[in-house]
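Report on one structure; see the data block that follows.
The values are calculated or read from the model by the stated rules, or taken from the named source; none is laboratory data. Please read these numbers as outputs of a predicted model, since none were measured by experiment. In this analysis, Cβ positions are derived from the backbone assuming ideal geometry, glycine residues included, and neighbour counts consider all displayed protein chains.
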(Lines give C-alpha, C1' and ligand atoms only; values in the text may rest on other atoms or scores of the structure.)
Protein backbone atom coordinates (compact mmCIF):
# COMPACT_ATOMS: atom_id res chain seq x y z
CA UNK A 1 0.00 0.00 0.00
CA UNK A 2 2.95 2.33 0.55
CA UNK A 3 3.46 2.60 -3.23
CA UNK A 4 -0.17 3.63 -3.69
CA UNK A 5 0.22 6.25 -0.99
CA UNK A 6 3.28 7.64 -2.77
CA UNK A 7 1.38 7.67 -6.09
CA UNK A 8 -1.57 9.39 -4.41
CA UNK A 9 0.78 11.96 -2.90
CA UNK A 10 2.63 12.61 -6.17
CA UNK A 11 -0.51 12.99 -8.26
CA UNK A 12 -2.19 15.13 -5.64
CA UNK A 13 0.74 17.57 -5.51
CA UNK A 14 0.93 17.56 -9.31
CA UNK A 15 -2.75 18.50 -9.51
CA UNK A 16 -2.30 21.07 -6.75
CA UNK A 17 0.36 22.82 -8.81
CA UNK A 18 -1.77 22.64 -11.95
CA UNK A 19 -4.90 23.96 -10.22
CA UNK A 20 -3.00 26.90 -8.71
CA UNK A 21 -1.61 27.75 -12.17
CA UNK A 22 -5.07 27.52 -13.70
CA UNK A 23 -6.67 29.58 -10.92
CA UNK A 24 -4.03 32.29 -10.65
CA UNK A 25 -2.79 32.60 -14.25
CA UNK A 26 -4.90 30.76 -16.79
CA UNK A 27 -8.56 31.44 -15.94
CA UNK A 28 -8.05 35.16 -15.21
CA UNK A 29 -6.78 35.59 -18.79
CA UNK A 30 -9.89 34.10 -20.43
CA UNK A 31 -11.57 37.50 -20.65
CA UNK A 32 -8.61 38.81 -22.64
CA UNK A 33 -9.02 36.36 -25.53
CA UNK A 34 -11.72 38.39 -27.28
CA UNK A 35 -15.30 37.44 -27.95
CA UNK A 36 -14.89 36.79 -31.66
CA UNK A 37 -12.47 33.88 -31.36
CA UNK A 38 -13.39 32.74 -27.88
CA UNK A 39 -15.51 29.67 -28.79
CA UNK A 40 -12.67 28.20 -30.85
CA UNK A 41 -10.16 29.10 -28.14
CA UNK A 42 -12.25 27.42 -25.43
CA UNK A 43 -12.83 24.28 -27.51
CA UNK A 44 -9.10 23.97 -28.18
CA UNK A 45 -8.28 24.77 -24.55
CA UNK A 46 -10.68 22.10 -23.27
CA UNK A 47 -9.36 19.42 -25.62
CA UNK A 48 -5.70 20.13 -24.90
CA UNK A 49 -6.22 20.47 -21.16
CA UNK A 50 -8.05 17.13 -21.09
CA UNK A 51 -5.13 15.48 -22.93
CA UNK A 52 -2.66 16.80 -20.35
CA UNK A 53 -4.81 16.02 -17.30
CA UNK A 54 -6.03 12.56 -18.30
CA UNK A 55 -3.01 10.70 -16.90
CA UNK A 56 -2.58 12.52 -13.55
CA UNK A 57 -6.33 12.65 -12.88
CA UNK A 58 -6.71 9.00 -13.82
CA UNK A 59 -3.82 7.96 -11.57
CA UNK A 60 -5.13 10.13 -8.75
CA UNK A 61 -8.60 8.57 -9.01
CA UNK A 62 -7.15 5.05 -9.25
CA UNK A 63 -4.89 5.55 -6.25
CA UNK A 64 -7.83 6.95 -4.28
CA UNK A 65 -9.97 3.90 -5.07
CA UNK A 66 -7.14 1.50 -4.23
CA UNK A 67 -6.33 3.32 -1.01
CA UNK A 68 -9.96 3.21 0.01
CA UNK A 69 -10.26 -0.48 -0.87
CA UNK A 70 -6.93 -1.42 0.70
CA UNK A 71 -7.17 0.77 3.76
CA UNK A 72 -10.90 0.50 4.40
CA UNK A 73 -10.46 -0.37 8.07
CA UNK A 74 -7.75 2.22 8.56
CA UNK A 75 -9.57 4.91 6.58
CA UNK A 76 -12.40 4.92 9.06
CA UNK A 77 -9.95 5.01 11.99
CA UNK A 78 -7.82 7.77 10.46
CA UNK A 79 -9.40 11.21 10.20
CA UNK A 80 -6.69 12.36 7.76
CA UNK A 81 -7.48 9.58 5.27
CA UNK A 82 -11.22 10.16 5.64
CA UNK A 83 -10.65 13.84 4.95
CA UNK A 84 -8.45 13.06 1.93
CA UNK A 85 -11.14 10.88 0.37
CA UNK A 86 -13.82 13.44 1.23
CA UNK A 87 -11.81 16.21 -0.40
CA UNK A 88 -11.25 14.06 -3.47
CA UNK A 89 -15.00 13.52 -3.68
CA UNK A 90 -15.64 17.26 -3.43
CA UNK A 91 -13.02 17.97 -6.09
CA UNK A 92 -14.49 15.51 -8.57
CA UNK A 93 -18.05 16.58 -7.75
CA UNK A 94 -17.20 20.21 -8.47
CA UNK A 95 -15.29 19.21 -11.60
CA UNK A 96 -18.10 17.15 -13.13
CA UNK A 97 -21.11 19.13 -11.93
CA UNK A 98 -19.85 22.74 -11.97
CA UNK A 99 -16.62 23.26 -13.92
CA UNK A 100 -17.32 20.98 -16.89
CA UNK A 101 -20.82 22.39 -17.51
CA UNK A 102 -19.42 25.92 -17.37
CA UNK A 103 -16.77 24.99 -19.93
CA UNK A 104 -19.55 23.61 -22.16
CA UNK A 105 -21.31 26.99 -21.95
CA UNK A 106 -18.08 28.80 -22.80
CA UNK A 107 -17.44 26.49 -25.77
CA UNK A 108 -20.48 28.12 -27.43
CA UNK A 109 -19.02 31.59 -26.93
CA UNK A 110 -17.86 33.94 -24.22
CA UNK A 111 -20.36 34.49 -21.43
CA UNK A 112 -19.39 36.99 -18.76
CA UNK A 113 -21.58 35.22 -16.20
CA UNK A 114 -20.21 31.74 -16.97
CA UNK A 115 -16.66 33.08 -17.00
CA UNK A 116 -17.03 34.81 -13.62
CA UNK A 117 -18.66 31.72 -12.09
CA UNK A 118 -15.89 29.48 -13.54
CA UNK A 119 -13.21 31.53 -11.80
CA UNK A 120 -15.11 31.84 -8.50
CA UNK A 121 -16.21 28.21 -8.37
CA UNK A 122 -12.66 27.00 -8.99
CA UNK A 123 -11.40 28.44 -5.69
CA UNK A 124 -12.98 25.60 -3.64
CA UNK A 125 -11.28 23.02 -5.90
CA UNK A 126 -7.98 24.87 -5.44
CA UNK A 127 -8.43 24.84 -1.66
CA UNK A 128 -9.49 21.18 -1.61
CA UNK A 129 -6.52 20.01 -3.70
CA UNK A 130 -4.14 22.01 -1.54
CA UNK A 131 -5.66 20.60 1.66
CA UNK A 132 -5.68 17.08 0.26
CA UNK A 133 -1.99 17.30 -0.63
CA UNK A 134 -1.06 18.65 2.80
CA UNK A 135 -3.07 15.94 4.55
CA UNK A 136 -1.54 13.17 2.43
CA UNK A 137 1.94 14.53 3.10
CA UNK A 138 1.25 14.66 6.83
CA UNK A 139 -0.22 11.15 6.83
CA UNK A 140 2.61 9.62 4.80
CA UNK A 141 5.35 11.11 6.95
CA UNK A 142 3.70 10.35 10.29
CA UNK A 143 2.79 6.70 9.66
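Below is a table of values for the structure above.
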| read-out | value |
| --- | --- |
| Close pairs (8 angstrom Cβ cut-off, 6 or more residues apart or separate chains): free of Cβ contacts under 8 Å to residues at least 24 places away in the same chain in the stretch 120-135, part of a helix (DSSP H, G or I) and surrounded by 15 or more Cβ atoms within 10 Å (Cβ to Cβ) anywhere | none |
| Residue 124 vs. criteria assigned to a helix (DSSP H, G or I), under 11 Å from the mean Cα position of the chain (by Cα) and either modelled with pLDDT under 95 or farther than 19 Å from residue 6 by Cβ (or both) | yes |
| Selection within the stretch 108-118 - crowded, with 17+ Cβ neighbours inside 10 Å and within 20 Å of residue 19 (Cα to Cα) | 114, 115, 118 |
| Checklist (1) surrounded by fewer than 17 Cβ atoms within 10 Å (Cβ to Cβ); (2) under 16 Å from residue 10 (Cα atoms) applied to residue 132, failing item | (1) |
| Hey, residue 4 more than 24 Å from residue 109 (Cβ to Cβ), under 16 Å from the mean Cα position of the chain (by Cα) and assigned to a helix (DSSP H, G or I) or not | no |
| Among residues of the stretch 44-67, those that are under 12 Å from the mean Cα position of the chain (by Cα) and in contact (Cβ under 8 Å) with a residue 12 or more places away in the chain, counted | 5 |
